[in-house]
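Student: Could you have a look at this structure, given as structure tokens, before my questions?
The values are calculated or read from the model by the stated rules, or taken from the named source; none is laboratory data. Since the model is a prediction, treat every value here as computed from it, not as a measurement. Counting neighbours? That spans all protein chains shown, and the Cβs are built from the backbone with ideal geometry, glycine included.
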Amino acid sequence: AHHACHPCCQLTSWPTAPTLFGEVFVATEYPESIFLRYLARKFAAKYAIPESGSVLRAIETVSPLPFVGMENVPFLFDDVPARFAIDETGTDRSTGAPHMIAIMLHVLGGGSSALVVGSKCGYLEALLRAALGPDAFVAVAEPSAMVAKNTREALEKAGCDVTVWHRPHLLASGDDPL
């Protein structure tokens, strides 16, 4: 069976065959929620995130699949950014490294709002939305029209209320970014 595709032709559904992610073996009889719970505990241990709280709940509930595709999920275990697109200027676009994502989530805390300058594929933004709570405003300003569109679509597919602005003048140095 074929999987549904992300706008960048990346998988967005859980695998139908056993898959090895770093040291984690995921098979069809294990639901995605178990994988996400393991991932949250791994982040908590590796990056000194409190075992209770909004950051761990966000990691447990926000799947990376709509944003990075199944083939890039190992970035979460390797602690390296994952390339999610090549924009219209030919620039590689990547997620934040997991340790940076964890630090940002931990530092912001509940009740804050966030503006991300330059999309990180939507995964960081979705985690921020989940961690900061329903009253927070989360937005991303993205210079690439293609990346802004793909980020918006991935966030919508994941059911995340995040505002995505295409701001091409972010590329011009010295300009007011907003």
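Student: Would you check which residues across segment 142-157 are touching a strand residue (DSSP E or B) at 6+ places or on another chain (Cβ under 6 Å) and surrounded by fewer than 20 Cβ atoms within 10 Å (Cβ to Cβ) and list them?
Tutor: Listed by number, the list holds a single entry, Ala145.
Student: I'm checking my understanding of the structure. Among residues of segment 77-95 that are crowded, with 20+ Cβ neighbours inside 10 Å and aliphatic (A, V, I, L, M), which one is farthest from the chain's Cα centre (by Cα)?
Tutor: Residue satisfying both the conditions and the ranking: Ala85.
Student: Follow-up. Inspect all residues belonging to segment 93-106 and state whether any of them is within 19 Å of Pro168 (Cβ to Cβ) and in contact with a helix residue (DSSP H, G or I) (Cβ under 8 Å, 6 or more places away or on another chain).
Tutor: The answer is yes; a qualifying residue exists.
Student: For segment 130-166, give me each residue that is farther than 21 Å from Leu56 by Cα, out of contact with any Phe, Trp or Tyr (no Cβ under 6 Å at 6 or more places or on another chain), assigned to a helix (DSSP H, G or I) and of a type in the set (Gly, Ala, Ser).
Tutor: Ala145, Ala148
Student: Right, another one. Could you tell me whether segment 28-43 includes any residue that is at pLDDT 65 or above, touching a Leu at 6+ places or on another chain (Cβ under 7 Å) and part of a helix (DSSP H, G or I)? Steps first, please.
Tutor: Filtering segment 28-43 for residues at pLDDT 65 or above gives 31-43.
Cutting the leftovers down to touching a Leu at 6+ places or on another chain (Cβ under 7 Å) gives us 39-40.
Cutting the leftovers down to part of a helix (DSSP H, G or I) gives us 39-40.
Looking for residues that are at pLDDT 65 or above, touching a Leu at 6+ places or on another chain (Cβ under 7 Å) and part of a helix (DSSP H, G or I), one finds at least one in segment 28-43, hence yes.
Student: Shifting gears a bit: If only one of Pro64, Pro98, Pro74 is surrounded by 19 or more Cβ atoms within 10 Å (Cβ to Cβ) and at pLDDT below 80, which one is it?
Tutor: So the residue among Pro64, Pro98, Pro74 that is surrounded by 19 or more Cβ atoms within 10 Å (Cβ to Cβ) and at pLDDT below 80 is Pro98.
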